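Notes follow the structure.
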Amino acid sequence: MPPPPSPTPELVSKNRFLGFLIWQTFTSTTIYFLTKLFLLSFFTTPKFSPSQLYFSLLKFFTFTFSNLLFSSSLSILSSPQPLPYASPLQLAAGLIRFAFVSSPAEPEFRRRALVSARFVVSVVVAGISGALSVVCLCGFDGFELIARLGFRGFVFGVLYGLFYVYKKKWVLEFPIIQRPLFYSFKMGLPLSIKRALKLSNVAYLFLAVLQVFLPEQLKSGGTMGQFITEQIILYIGSFSVVFCWELSHHLHQVLHTKRFLFAPPKGSAAAETNPSEPLLAALEESIPDSLPQYLAYLDLCMVCENNVDTWRRAAFFEETGETYKRVVAACLRPLEQLASNLSEGMEGCSVDKAHQLSNQLQSPTDSRLDSRHCEPLNNFQKYAWCARAVASLTTWSHKEDRFGVAQLTGSNAAVTSTLISSLLAVEAFMGKKTSLQPQHLMGPAAIKWNTPNTGRRDVVATEKTRWFTPCKSLCHG
């Protein structure tokens, strides 16, 4: 029986999303029953009747649906890199210009406006999920109590959604060390509890202050004992809801950033003939800056640096040299684009020499750069993987390249010049380069060395001989 074919990059994202929904449903169900049985059972009196059983099942399914709704909003909003968005003033200016001038919106403005709309939708979905979850988990009876809890849950969810967007928790952070799923989940469990306690405390205090300005219909009534019991149940329910959300966020990060092997099964016919085709297809055919492309670059970096999949790395050095050229080209394209964007951003800034000298004397954290010029660095994770992959692959070529394809195809010279030009562009952008003229940053194919007039020419020779030093500086700097 032949082994199953490798899944397409789009199918990888769908499978991970479905797996995330399954694990999220399991964790939210566990938290729901543990909260009901061991925390809220002391403050409520159970009633055993068929109608009460149906009502309990309805609350459970509604609670599960609300968490699935929140989890879906996480996947819609998540991205491997920070996305540029439009501020409220920019959105208002764009709408006014569209209404009175009737000029078509620019593509960049439409893209930023779409990202801002996704943020708004995510916050609203968090509010709806909070209202449904708090009402179902606390289990009060009566329309007035349900309306009061629903309003508080909605405000509570909106606060969490604003915090989630403001802290950019929707950006996928790929871990340096890949651990098993269960171990990663266990490591994130205490942190999720700690964050849930902090957020639930802040939200509870905010709602307590907000209650002073609410109408009488949305305020707590009854005796002092009923008021205290209701507040305790509300706090336990809000903590459980935030705990579900924090675990969902942690599971989303762990499941979507785990390494995926873009390779056929070892020992199969595809592994013997063309084992690099799934990886190259993911690198070249995936949507730019999408999750499948990031996973492909992560897999490529792991193959080039580690000694686990040596048979896959050996396949890069096949006799024709086409595979090696495609791998190197896939890694050099983002680095060349980085150097080009940084150079264009510096050329567009009309800054005098005194201001540039002052920036060089400051640390990178103290220098105040325009956010528009910092956008090329949003893909720093992918740039680091590309630099590490081509540097390691060029190093391994001295031992594993039996046919000399790295030298014959001219890839070594392209790798060296691209890494150095990228390093110079980053250093000039951060204010660390001694030359103050960004036009001196030439392209990778025609890089020119501009040495300061200090009388030390041995520095250039050292840089030319030790070509791997810029790569390490770019990756760790």
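The values are calculated or read from the model by the stated rules, or taken from the named source; none is laboratory data. Worth saying up front: this structure is predicted, and the values here are computed from it rather than measured. Quick reminder, even Gly has a Cβ in these numbers, built from the backbone with ideal geometry, and neighbours come from all protein chains shown.
Taking the condition modelled with pLDDT under 90, of a type in the set (A, V, I, L, M, F, W, C) and within 20 Å of Leu291 (Cβ to Cβ), does Val101 pass?
So Val101 fails the test.
Considering only residues of region 382-414 that are assigned to a helix (DSSP H, G or I) and aromatic (Phe, Trp, Tyr), which is surrounded by the most Cβ atoms within 10 Å (Cβ to Cβ)? So, considering only residues that are assigned to a helix (DSSP H, G or I) and aromatic (Phe, Trp, Tyr), the one surrounded by the most Cβ atoms within 10 Å (Cβ to Cβ) is Trp385. In the set (1) assigned by TED's automatic domain parsing to the domain that holds Ser200; (2) modelled with pLDDT under 90; (3) among the charged types (D, E, K, R), Glu246 fails one condition alone, (2).
Taken together, the criteria exclude Ser41 from residues that are over 30 Å from Leu279 (Cβ atoms), in a helix (DSSP H, G or I) and touching a Cys at 6+ places or on another chain (Cβ under 8 Å). Leu295 meets each of the listed conditions (1) touching a residue at least 12 places away in the same chain (Cβ under 8 Å); (2) aliphatic (A, V, I, L, M); (3) assigned by TED's automatic domain parsing to the domain that holds Ser28 apart from (3). In region 266-292, of all residues being among the polar types (S, T, N, Q) and under 18 Å from the mean Cα position of the chain (by Cα), the one that is surrounded by the fewest Cβ atoms within 10 Å (Cβ to Cβ) corresponds to Ser290.
In summary, Ser238 fulfils each of the numbered conditions (1) surrounded by fewer than 20 Cβ atoms within 10 Å (Cβ to Cβ); (2) not in a loop (DSSP other than H, G, I, E, B) with the single exception of condition (1). For region 126-147, check the following and say yes or no: at least one residue is of a type in the set (A, V, I, L, M), farther than 15 Å from Leu234 by Cβ and surrounded by fewer than 16 Cβ atoms within 10 Å (Cβ to Cβ). There is no residue in region 126-147 that is of a type in the set (A, V, I, L, M), farther than 15 Å from Leu234 by Cβ and surrounded by fewer than 16 Cβ atoms within 10 Å (Cβ to Cβ).
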